[in-house]
1. For segment 167-221, what are the residues that are over 19 Å from the mean Cα position of the chain (by Cα) and among the hydrophobic types (A, V, I, L, M, F, W, C)?
2. Starting from residues that are among the β-branched types (Val, Ile, Thr) and assigned to a loop (DSSP other than H, G, I, E, B), keep the ones in segment 32-41 and report whichever is modelled with the highest pLDDT.
3. Which of the residues that make up segment 42-74 are on the phi > 0 side of the Ramachandran plot and in a loop (DSSP other than H, G, I, E, B)?
4. Quickly run through segment 83-112 and pick out the residues that are small (Gly, Ala, Ser) and touching a Gly at 6+ places or on another chain (Cβ under 7 Å).
5. Restricting the first residue to segment 103-122 and requiring it to be at positive phi, which pairs with a second residue that is among the aromatic types (Phe, Trp, Tyr) meet a Cβ separation below 8 Å and a spacing of at least six or different chains?
6. Tell me which of these Lys232 doesn't satisfy, since it passes every other one: (1) over 17 Å from Phe163 (Cβ atoms); (2) basic (Lys, Arg); (3) not in a loop (DSSP other than H, G, I, E, B).
7. Give the residue, chosen from Pro215, Pro258, that is in contact with an Asp or Glu (Cβ under 7 Å, 6 or more places away or on another chain) and modelled with pLDDT under 95.
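The values are calculated or read from the model by the stated rules, or taken from the named source; none is laboratory data. In this text the structure is predicted, and so the values were computed from the model without any measurement. Here the Cβ positions follow ideal geometry from the backbone for every residue, glycine too, while neighbour counts run over all protein chains shown.
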Amino acid sequence: MKIKAISQALALSLFLCSVGGAASASSTSQSLEICPTKEMVQLVSNVVYAQVPDRGYVSKAMTMDLLVPCGEGPYPAIVYINGGGFINANKDGYIQQRLELAEHGYVVASITYRIAPASTFPAPLEDVKSAIRYLRAHADQFHIDSQHIGVMGGSAGGYLAAFAGTTSGTRQFDSGDNLEQTSDVQAVVDLYGVSDLTAIGADYGPDVQELHRSPAATEALWINGSPVFGGKDGGIDANPEGAAAANPISYISEKTPPFLLMHGDADTVVSPSQTEILRAALAQHNVEAQRYVIKGAGHGGALWIQPEIMKLIIDFFDAHLK
C-alpha cells in the first residue's frame, strides 16, 4: 500500500510539472495594430415617439428602441419595421440585422405600431410616419442626419416600409405630433413584403388561396377590422375600395425614392410575386428598384442575416443615404 501511494504521488507530481511546463512554453506577449471598421453602439430603449388613440384608450404610448453609434455624427437613420402578420408588432426582432447596420454608421430605430384587429389601416402607416418625424425633430439629440432617413422591414414591416416610400411627397397620412417635420424617406428596403392585399396567396394552391379569402385572414382584419367592434364583415374581397387604398402601388409618384426588394423562392407565407408586382409598378414610374430572389430562403429565418444579404442592404443604403 505504501509503495502504491508513493507511485501515485510521483505520477501526480510529474503531471503537474508537465502542465506547468506546457503553460510556460506557450506564454507570449505580442503587439497588435487594429484599424477600426465598426462603430461603438449604444442602445436607447423604449423611447416614446407618439401617443395615439387605440380602441378603448385615448392615449397609448408608441415606442422605439434606438441603436446609436457613439461618435459625433451626424449619421443617417433607418426606421426598422418588424413584421407580424398585421396582428403583432414586436420591436425586438432581427437584432443582428439592426446591430450590423448601426455598426456601419446608421442610427437604427425599431418601432412598435398599431395592429389589427383593434386598429385598421391607415393607423399603422400613420405610426411609421410619426416615428420618422420624431427622429427628424430629435435629430440633434440622437446625432441624426435628418436629410437622410431610410426605412426597412420584413413581411408586414416590408409592406409598411414600401408604403412610407411610395407616399413620400404627400402629407395624406401625416397626423399627430411634429407635423412641422416631413415624413419623406430617401431609401426603402422591403424584404418579402406584401403589396396587393388581394393576392397574398396567389403563388400557392387553391386551398391556401381560399384561406386568404376568409374573413379571419389577417389582411381582411387589417382593412375591415372586427365586425364585433364595428368593422366590416367579410374577407378582403368584401372591401375592394379599402384594399386598393391600402396598396402601396396606388401611391407611386415622381417623389418615390429608390427601392431594394428581396424575396425567398421558398417563402410559403407571402407569395414571391408580391415583391415582383411592386418592382414592376415602380419601374413603370421610372423609380429605381432592384429585386433579388434568394434561393432556398423562406419567410424570415437565418438566411436573412447572412453576410451576402447584409452587404447588399448596407451597400444600397450607403449609396442613397451617405
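1. Answer for segment 167-221, where residues must be over 19 Å from the mean Cα position of the chain (by Cα) and among the hydrophobic types (A, V, I, L, M, F, W, C): Phe173, Leu179, Leu197, Ala199, Ile200, Ala202, Val208, Leu211, Ala216, Ala217, Ala220, Leu221.
2. The residue in question is Ile34.
3. Passing the criteria: Gly56, Gly73.
4. Gly83, the sole residue that qualifies.
5. From segment 103-122, the pairs are Gly105/Tyr75.
6. Tallying (1) over 17 Å from Phe163 (Cβ atoms); (2) basic (Lys, Arg); (3) not in a loop (DSSP other than H, G, I, E, B), Lys232 fails exactly one: (3).
7. Going through Pro215, Pro258 in turn, the sole match is Pro215.
Conditions tested, residue by residue: (1) among the aliphatic types (A, V, I, L, M); (2) touching a helix residue (DSSP H, G or I) at 6+ places or on another chain (Cβ under 6 Å); (3) closer than 11 Å to Gly157 by Cβ.
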residue	(1), (2), (3)
Ala77	yes, yes, no
Tyr80	no, yes, yes
Asn88	no, no, yes
Asp92	no, no, no
Ile95	yes, no, no
Arg98	no, no, no
Leu101	yes, no, no
Tyr106	no, no, no
Pro117	no, yes, no
